[in-house]
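Working notes, structure below.
No value in this document is a laboratory result; all are computed from the given coordinates. Everything numeric in this text was worked out from a predicted model, so none of it was measured. When we count neighbours, we look across all protein chains shown, and the Cβ atoms used for this are built from the backbone with ideal geometry, even at glycine.
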Amino acid sequence: MKKLIVANLKMNTTPSEFKTYAMTIATKAKGSKNNIVVCPPFTHLAVAKEILTSSKVSYGAQNMSAEEEGSFTGEVSAKMVKDLGAEYVILGHSDVRNKFKETDKLINRKIKTALANGIKVILCVGESLQTRESKQTQNFVRKQLDDDLKGIYENELEGVIIAYEPVWAISTNKTSSSKGITNKDISKMVEVIRKEIEAQFSAKAAKKITVLYGGSVGLNNYKKILSNESIDGALIGAASLDVDAFSVIARENY
């Protein structure tokens, strides 16, 4: 089964280091049946354009401004990202939600801006440990989806990918212990996500939308997680920094 495998390099590597990374993944991706996307820092996008444009590997940005242009020093616009050939942008990642206090209202604006500029959105949703322990996970994720996708038309959902990213499971590298997430947990949350998409849009939209899992996917657990037929792929963080490890995951025949 073809999967969408996304690397989020976060704030790691220099542009020169990424050039080697990009050349390696472009070579190793040959023959893969999966769709592979690499999302490096903004400073690396020109390198991605140079190396990955003619390869099997697509690339995207890790965030972007909700504004089209203007006096927003330090921000990067959708047009800038698009001009560098990026097809995707990650929005609503737990890092920006928690560390930079991005709200659902702002994320919603960013989604609309990205879609208006022809950029596909990888929208991250997921709960904290406190939310999980209070048994509010489903309501919390439903509200995130409601707020983040408010005002989006159903035909625009073709450009939206949902990444379920339970914040409490990040960096645990556990998938079967009481402290980790299980495939049963993942399947249940994917069902919740699809039902919420159905409620907001339609059954057809719920069936068609791509849902990824993100949360400590690595060499020790990727087969177990990605064998789960309820998910369409994975958003990979720390494990993607090792291009050889990421290549193994990306090339697997699921």
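By the count of other C-beta atoms within 10 Å, a proxy for reagent exposure, Ser240, Ser71 are ordered fewest to most as Ser71, Ser240. Computed from backbone phi, the HN-Hα couplings of the stretch 74-84 come to x, 8, 10, 8, 4, 4, 5, 4, 5, 5, 8 Hz, rounded to whole numbers (Karplus: 6.51 cos²θ - 1.76 cosθ + 1.60, θ = phi - 60°; Gly and Pro given as x). Let me see the P(r) profile for the stretch 17-81: every Cα-Cα distance counted, bins of 10 Å, each bin given as a percent of all pairs. Calculated P(r), rounded to whole percents: 21, 45, 25, 9, 1. Computed from backbone phi with θ = phi - 60° and the Karplus coefficients 6.51, -1.76 and 1.60, the 3J(HN,Hα) list for the stretch 207-215 is 6, 7, 5, 7, 10, 9, 10, x, x Hz; x is used for glycine and proline. When the pairs Lys120/Lys184; Lys79/Lys120; Lys30/Lys56; Lys30/Lys79 are compared against a 18 Å limit on Cα-Cα distance, Lys120/Lys184; Lys30/Lys79 fall above it.
Taking θ as phi - 60° and the Karplus parameters 6.51, -1.76 and 1.60, the scalar couplings of the stretch 115-120 work out to 4, 5, 9, x, 9, 6 Hz in sequence order, x denoting glycine and proline. Using equal-weight Cα scatterers in the Debye expression, the normalised intensity of the stretch 35-158 in log10 at q = 0.17, 0.19, 0.23 Å⁻¹ is -0.89, -1.06, -1.35. Residues of the stretch 130-150 falling in the label zone of Thr103, defined by backbone nitrogen less than 17 Å from a point 7 Å along Cα to beta-carbon, are 143-150.
The chymotrypsin sites (Phe, Trp or Tyr not before Pro) found in the stretch 1-75 that occupy coil by DSSP, while having at most 12 further C-beta atoms within 10 Å, are Phe72. Express in whole angstrom the spacing between the alpha-carbon centres of the stretch 9-28 and the stretch 196-216. Each part reduced to its Cα centre gives a spacing of 31 Å.
Between Ser71 and Asp244, the simple label model (points 7 Å from Cα in the Cβ direction) yields a spacing of 5.2 nm.
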